[in-house]
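Trainee: Mind having a look at this structure? Questions to follow.
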Amino acid sequence: MITNATIQDLEAGDVALMGVPLDLHSSFLQGPAFAPNRIREALHSGAANLTAEDGTDLGATDRVKDTGDLDVFEQRGPEPIAAIETGAGARIDTDARLLSLGGDHSVAYPLIKAHADRYEGLNVLHIDAHPDLYDQQDIGPLGHGCPFARVMETGKIKRLMQVGIRTMNAHQREQADRFGVEVVDMRNWHSDLTPEFDGPVYLSLDLDGLDPAFAPGVSHHEPGGLSTRDVIDLIARFQGQLIGADIVELNPHRDPYGITAMVAAKMVKEIGARLLR
């Protein structure tokens, strides 16, 4: 069973769950701040068990620990971003593997920065409909459309690969070229894509990377995306050492019957199993 734990309870090799209930950096709708607990409810609902497809049972090990939510609800600006980086760093420093539950995608910047400060030569695999490379948004440089511009500005990311993109405008194309981002857009997606990374890998999964037919409970519906099976297979298949991940942009206000929360819970199991390897 996944147990509640403090940071002091974490040990090397554990998988630490952490909720990041932040959504005031969203440009369109609020709601993702309520996602962490919806994902937990789906994970423990009894509608499914805690076994990943490779046979790893997250409920049969004492190495998966839920460290609760960060205190960033209804906050906005640099203060919650700093708090997220601090909270992530404290968990990573125990040598646990951190799996964060957002929250809007702005949380990826401090999460990835915390990992990049501790893992030299960090690679990032980013699954999303949107490249999130804006230099600025109306809500500022920390908006949920900007995190990967901020991440790349640190100069600490060895390689950023984005998969599932289908909204690349001229500005973000310029940004991708500026930062040397590898973009696999949906026009060029193929189901046997097998990315290979040399060194540690961080996975950032925006649920709107999936087609809204599979994950309708997101703020930005962008048709023509990945299937649930595509994403599961990509998580299992990519080559490299996964050392941390986030799952973001579930909006429970738009999630009929909890469909997308259950998709997110499925991804917790598949990512969690890979982090335990």
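Trainee: GNM on the chain, C-alpha springs below 10 Å: top fluctuator among ARG166, ARG40, ARG229?
Mentor: In this elastic network of the chain, the residue with the biggest mean-square fluctuation among ARG166, ARG40, ARG229 is ARG229.
Trainee: Label ASP9 and ARG254 with points 7 Å out from Cα along Cα→Cβ: what is the distance between them in nm?
Mentor: The answer from the label model is 3.5 nm.
Trainee: Of THR260, SER219, LEU242, which is farthest along the charge dipole of region 208-277 in the positive direction, counting Lys and Arg as +1 and Asp and Glu as -1 at C-beta?
Mentor: So the residue we want is LEU242.
Trainee: Let me ask another. Give, in nm to one decimal, the length gained when the segment between SER191 and ASP177 is fully stretched (0.36 nm per residue of separation minus the Cα-Cα distance).
Mentor: Stretched out fully, the SER191 to ASP177 stretch lengthens by 2.5 nm.
Trainee: Something else now. Expressed in nm², what is the orientationally averaged projection area of the convex hull enclosing the Cα positions of region 199-277? Spell out each step's value before the answer.
Mentor: Details: hull surface 19.6 nm².
Spelled out: convex hull of the Cα atoms, projected over all directions, averaged, 4.9 nm².
Trainee: How many percent of Cα pairs in the chain exceed 36 Å?
Mentor: Values: 1811 of 38226 pairs.
It works out to 5 percent of all Cα pairs.
Trainee: Describe numerically, in nm with one decimal, the distance between label points set 7 Å from Cα along Cα→Cβ at ASN169 and at ASP71.
Mentor: In this crude label model, ASN169 to ASP71 measures out at 3.8 nm.
Trainee: Still on this structure, I have one more. If the only charges are +1 at each Lys and Arg Cβ and -1 at each Asp and Glu Cβ, what is the size of the charge dipole of region 222-273 around the Cα centre, to the nearest 20 debye?
Mentor: 160
Trainee: Share of antiparallel DSSP beta bridges in the chain, in percent to the nearest 5? Write down the numbers at each step before the final one.
Mentor: On the way: 3 of 43 bridges.
So the antiparallel bridges amount to about 5 percent of the total.
Trainee: How far, in nm, would the chain grow between THR51 and GLN137 when pulled straight, counting 0.36 nm per residue and subtracting the alpha carbon separation?
Mentor: Extra length available between THR51 and GLN137 comes to 26.9 nm.
Trainee: State, as an integer percentage, the relative contact order of region 166-277 based on alpha-carbon contacts under 8 Å between residues 6 or more apart.
Mentor: 29
Trainee: Please report, to two decimal places, log10 I(q)/I(0) for region 3-76 at q = 0.16 Å⁻¹ as given by the Debye formula with identical point scatterers on the Cα atoms and no solvent.
Mentor: Cα-only, vacuum Debye calculation for region 3-76: -0.70.
Trainee: I've got another one for you. If the elastic network links every pair of Cα atoms under 10 Å, which of SER191, SER204, SER100 fluctuates the most in the Gaussian network model of the chain?
Mentor: It is SER191.
Trainee: Specify which residue in the list THR86, ILE157, TYR134 is farthest towards the positive end of the charge dipole of region 68-174, using unit charges on the beta carbon of Lys, Arg (+1) and Asp, Glu (-1), about the Cα centre.
Mentor: ILE157
Trainee: Bin width 10 Å, origin at 0, all Cα-Cα pairs of region 88-192: what percent of pairs per bin?
Mentor: Spelled out per bin, shortest first, that is 15, 47, 31, 7, 0.
No lab work stands behind these numbers, since they all come straight from the coordinates. The model shown is predicted, which means the values in this text are computed figures rather than measured ones. Cβ: placed from backbone, ideal geometry, glycine included. Neighbour counts: every protein chain shown.
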